[in-house]
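Shown next, in structure tokens, is the structure this report addresses.
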Amino acid sequence: MLKRTHTCGELRAKDIGKEVVLNGWVSSARDHGGLVFVNIRDRYGVTQTVFDPANSPKLMEAAKSLRSEDVVAVKGKLRARPGSQINKDMPTGETELLAGGFELLNRAEVPPFEVVDDTNASEELRLKYRYLDLRRPHLQNILALRHKAADIVRGYLSRHNFLEVETPVLTKSTPEGARDYLVPSRISKGKFYALPQSPQLFKQLLMVAGFDRYFQIVKCFRDEDLRADRQPEFTQIDIETSFLDREDIYNIMEGLVCELWKNAAGVELKRPFDRLAYSEAIERYGSDRPDRRIPWELQDATAVFKGSGFKAFAGVVESGGIIKAINIKNRADKFSRKDLDAAGEFVKSYGAKGVASLKGIEKFLSDKEKAELKTKLDIKENDLILLIGDKLKVVNDSLGSLRVELGRKFEAFDNKKIDILWVTDFPLMEYDEKEKRHMSLHHPFTSPNPDDLKLLETEPAKARALAYDIVVNGSEIGGGSIRIHNREIQQKIFDLLKISREEAKKRFGFLLEALTYGAPPHGGIAFGFDRIVMLLAGTENIRDVIAFPKTTSASCLMTEAPSDVDPVQLKELGIKIS
RNA sequence: GGGGACGUAGAUCAAUUGGUUGGAUCGUCGCCCUGUCACGGCGAAGGCUGCGGGUUCGAGCCCCGUCGUCCCCGCCA
């Protein structure tokens, strides 16, 4: 076959006169009767080839049969386009390849949709023919960006003395956390491996083993429902270190994040990153992953409504709930009755009964109450005040989410701005009403803050953890903690979580045992690599950054996985489907 | 598990209050065309309206079920 001498994206004016060969896909073929233009596309770009009868009438006739997505090799001399024919929208637009010969490497069927960036084909169809969708420059660029980001991560961490170590994919179900994907064992019938939700225990064991700086770009699996930013298998940058405290980890990781944004997106981030305590994040933004680009904050107005003429809120205060408000500055005129109804529907999904606008409830309020609100919320002409009264958690969840929803709707911030911060001092655990016990907020190997050890005895839910998340534009891109390296403290945590000694021993006795053989103080972090690439690429959907993603029902439209298996396979595994 | 939106030529969409023969654009196919680049012109083919049931004289449209896609809540240490 004719082998390419150049890619379809590199030919420029300086190459004019060269004999070249291009390989690629026909992206468009324009037959003018007496002259045929064929654009050839590969991963690097598009180059126009021209079949001119003045050069070879026979060749031109043959080129007339070319169709979109045929695979071709074209040989010829690169020439300048006539001045008026230069295409400024194409990087290769100053030149064209005058075909002197071509080879049809493979014929393509008519594709189910046009392979162009501004395709309007449904995502369903594009997922079924993902290999065609991936031919689009947009997706090719994102996957190239993903590769670059991975390369930056490996480079940075390697320079900082981290070792990439692989950990098992066929492993053991870990405690708490997400639902596991299970893999039946043929050799031990009736037993199962679990795919890792993260290599958490292995990276801690690597610390015990003395690999004081470990990382891995690694697939993780969680059998939970999907979202626009959640896939059942996803990629983490998993990191663990020994002999470092939180400050050291913040420092090294800020360096990594800055290098990612600088080298992959050309954005300089300011260091050090801001820090915000979890409690303050909830108070001011109603969320542990605040998007601070949106200007409005949640304000507590509970005191104003105590015994108020607005009975709904007075009742909320009476029963121990809270009232919070946001002041959406200077946008009252852009918020219709219909918008308010929509906001009401929106907050209902978070368990709130509804949302009140100040305008709507003003008539029930005394002059004093109105004056208090005006001062407290700094109300000016045309400000839109929205209020929710309910139980603490419901108010924070619903009003915090509404804040983000309306921030996006009103485009109340600069889209190019990057807001990055650490959220610190998470609670170690919280009480679960359904399970009637405390549950780890992060995971059961997270170290309590030494200052709060006494609280563990009295009010465990108030004890802070040495845990931290890193948040970019309201999206959690990573989280980690200092771990427990002391067997007694680890046992104490299990006791508080009501994980019995037998249970603990059965499920991760190997870790407990390892902690007794000289475990160094250690801690780490895991970044959601897909989410980082989403932010770098500026896309809202995780499927855009994964080559072969799954639908929201966790199936692959291309391979049709999951699928039935041969009964023989099941028999070998000792599995019966009921 | 719950809520919402959607499903009509190969693709993207339209189709009056439930009413005669279900349209448009892109693509495809044929003919014409020497400077296009989403080429252009003329013409043609292409439909089990996701699937199953029901209501009705009559269903793309209404009802029930089912399958699939997307978004959200729950879930995701």
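The values are calculated or read from the model by the stated rules, or taken from the named source; none is laboratory data. The structure presented is a predicted model; accordingly, all values stated were derived computationally and were not measured. Backbone-built Cβ (ideal geometry, glycine too); neighbour counts: all protein chains shown. For accessibility, only protein heavy atoms count, side chains too; no ligands or nucleic acids. Shrake-Rupley method; radii C 1.70, N 1.55, O 1.52, S 1.80 Å.
Can you confirm whether residue A:218 is in the same structural domain as residue A:467 (by TED's automatic domain parsing), part of a strand (DSSP E or B) and not acidic (Asp, Glu)? Yes.
Residues in region A:105-124 that are open to solvent by less than 70 Å² (accessible area, probe 1.4 Å) and more than 9 Å from RNA strand B (Cβ to nearest atom): A:105, A:108, A:115.
Residues considered: A:9, A:34. Of these, the only one that is in a loop (DSSP other than H, G, I, E, B), over 28 Å from residue A:134 (Cβ atoms) and of a type outside the set (S, T, N, Q) is A:34.
The single residue among A:452, A:378 that is in a helix (DSSP H, G or I) and more than 16 Å from RNA strand B (Cβ to nearest atom) turns out to be A:452.
Out of A:352, A:342, one residue alone is within 12 Å of residue A:390 (Cβ to Cβ) and either outside any helix (DSSP H, G or I) or out of contact with any helix residue (DSSP H, G or I) (no Cβ under 8 Å at 6 or more places or on another chain) (or both). It is A:352.
Listed by first and then second residue, the pairs with beta-carbon distance under 8 Å, at least 6 apart or on different chains, first residue in region A:112-131 and in the same structural domain as residue A:69 (by TED's automatic domain parsing), second more than 7 Å from RNA strand B (Cβ to nearest atom), form an empty list. In summary, residue A:578 fulfils each of the numbered conditions (1) within 26 Å of residue A:186 (Cα to Cα); (2) surrounded by 12 or more Cβ atoms within 10 Å (Cβ to Cβ); (3) not assigned by TED's automatic domain parsing to the domain that holds residue A:461 with the single exception of condition (2). Summed over region A:43-92, residues that are among the polar types (S, T, N, Q), over 19 Å from residue A:15 (Cα atoms) and within 9 Å of RNA strand B (Cβ to nearest atom) total 3. Quick check: anything in region A:516-526 surrounded by 16 or more Cβ atoms within 10 Å (Cβ to Cβ), under 30 Å from residue A:473 (Cβ atoms) and β-branched (Val, Ile, Thr)? For region A:516-526, residues surrounded by 16 or more Cβ atoms within 10 Å (Cβ to Cβ), under 30 Å from residue A:473 (Cβ atoms) and β-branched (Val, Ile, Thr): present. Note on region A:355-375: residues that are in a helix (DSSP H, G or I), without any contact (Cβ under 8 Å) to a residue 60 or more places away in the chain and open to solvent by 30 Å² or more (accessible area, probe 1.4 Å) total 11. Can you say whether residue A:256 is farther than 30 Å from residue A:551 by Cα and either touching a residue at least 12 places away in the same chain (Cβ under 8 Å) or open to solvent by less than 30 Å² (accessible area, probe 1.4 Å) (or both), as far as the supplied structure shows? The answer is yes for residue A:256. Give the residue that is surrounded by the most Cβ atoms within 10 Å (Cβ to Cβ), with candidates limited to residues of region A:174-215 that are outside any loop (DSSP other than H, G, I, E, B) and without any contact (Cβ under 8 Å) to a residue 40 or more places away in the chain. This residue is A:202.
Residues of region A:344-356 that are of a type in the set (Gly, Ala, Ser) and over 19 Å from residue A:322 (Cβ atoms): A:349 alone.
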